[in-house]
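Visitor: Could you have a look at this structure, given as structure tokens, before my questions?
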Amino acid sequence: MGLPLLLPLLLLLASLQAGHRAQRNSQQHHEMKQPRDLSAPEGGSILIPFSFSHPWELAKDPNMRISWRWKHYHGEFIYNMTPLFTHKNFKNRLILNWAEPEKNGSLWISNLRREDESVYFCRVQLDTLRDGKKEWQSIEGTKLTITPRSKTTTWGPTTTTTRAGLGGSEGKKSSKLWSLTMEAIVGLVLASVVLLKIPIMGLTVYLGWKRSKGVQTEARTPARESFKHMEENYENIGNKG
């Protein structure tokens, strides 16, 4: 076989090997998905969701295990399934919402603190049928931002102080309104009493005036009669004279 015919065959063989290698690499692709950024208020809670995929055939008992790191890619672990471990900074504040063989779940962090602001990385480990043990984790992780405690009135455990403050101001307003209402009531009562007194006083004056007039009339009537008798006596005496 001459060189002109051998060269195309070599090129064809190289291209087939390259394609087979690329297909094999694509079949071995695995990934971990997490949201890039999340935020939550101090004192609240947060769910960091995750999902993963892989190309391997799992063993009869894949023995999947989930763990979490924080701060950076090679940071210290804050949670591990087997053996069970929780970082001292997160005692009684972490819950992993995931069950084998699911490929998605979430990490719940409660009672958030300012120092919880960091980057969190989910890591998965499992046993395959032909390729042994495999493990991988998120590269970028999820950056968690802790915002200041909300000062608005909301229904939740983080608004106790705020609601207490608002309750105090409402109590002051209520006491002011109550005092104003009492003053208005007292004013109305006094005005009613004054208005009632005016006709009563007028009636009393009128009755007193009428009574005094009757007395005067009675006093004047005898006087006029005696004066009339005097005039008649005087006329009689004059006639006799």
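Visitor: Quick check on my filter: what residues within segment 128-138 are touching an Asp or Glu at 6+ places or on another chain (Cβ under 7 Å) and either of a type in the set (Phe, Trp, Tyr) or under 11 Å from Asn63 (Cβ atoms) (or both)?
Guide: Matches in segment 128-138: Thr128, Lys133.
Visitor: For segment 39-80, what are the residues that are surrounded by fewer than 16 Cβ atoms within 10 Å (Cβ to Cβ), touching a residue at least 12 places away in the same chain (Cβ under 8 Å) and either of a type in the set (A, V, I, L, M) or outside any strand (DSSP E or B) (or both)?
Guide: Residues satisfying the conditions are Leu47, Pro55, Glu57, Leu58, Ala59, Lys60, Asp61, Asn63, Lys71, His72, Tyr73, Gly75.
Visitor: Here's something else I'd like to know. Gln17 versus (1) at pLDDT below 95; (2) in a loop (DSSP other than H, G, I, E, B): which is the lone unmet condition?
Guide: Unmet condition: (2).
Visitor: Only residues in segment 83-112 that are surrounded by 16 or more Cβ atoms within 10 Å (Cβ to Cβ) and at pLDDT 95 or above count as the first member; pair them with residues that are aromatic (Phe, Trp, Tyr) and in a loop (DSSP other than H, G, I, E, B), Cβ under 6 angstrom, at least 6 apart or cross-chain, and list the lot.
Guide: Gly105/Trp98
Visitor: Given (1) touching a Pro at 6+ places or on another chain (Cβ under 7 Å); (2) farther than 21 Å from Asp131 by Cα, identify the lone condition not met by Ile95.
Guide: It is condition (1) that Ile95 fails.
The values are calculated or read from the model by the stated rules, or taken from the named source; none is laboratory data. The structure presented is a predicted model; accordingly, all values stated were derived computationally and were not measured. Neighbour counts are summed over all protein chains in view; Cβ atoms, including those assigned to glycine, are modelled from backbone coordinates with ideal geometry.
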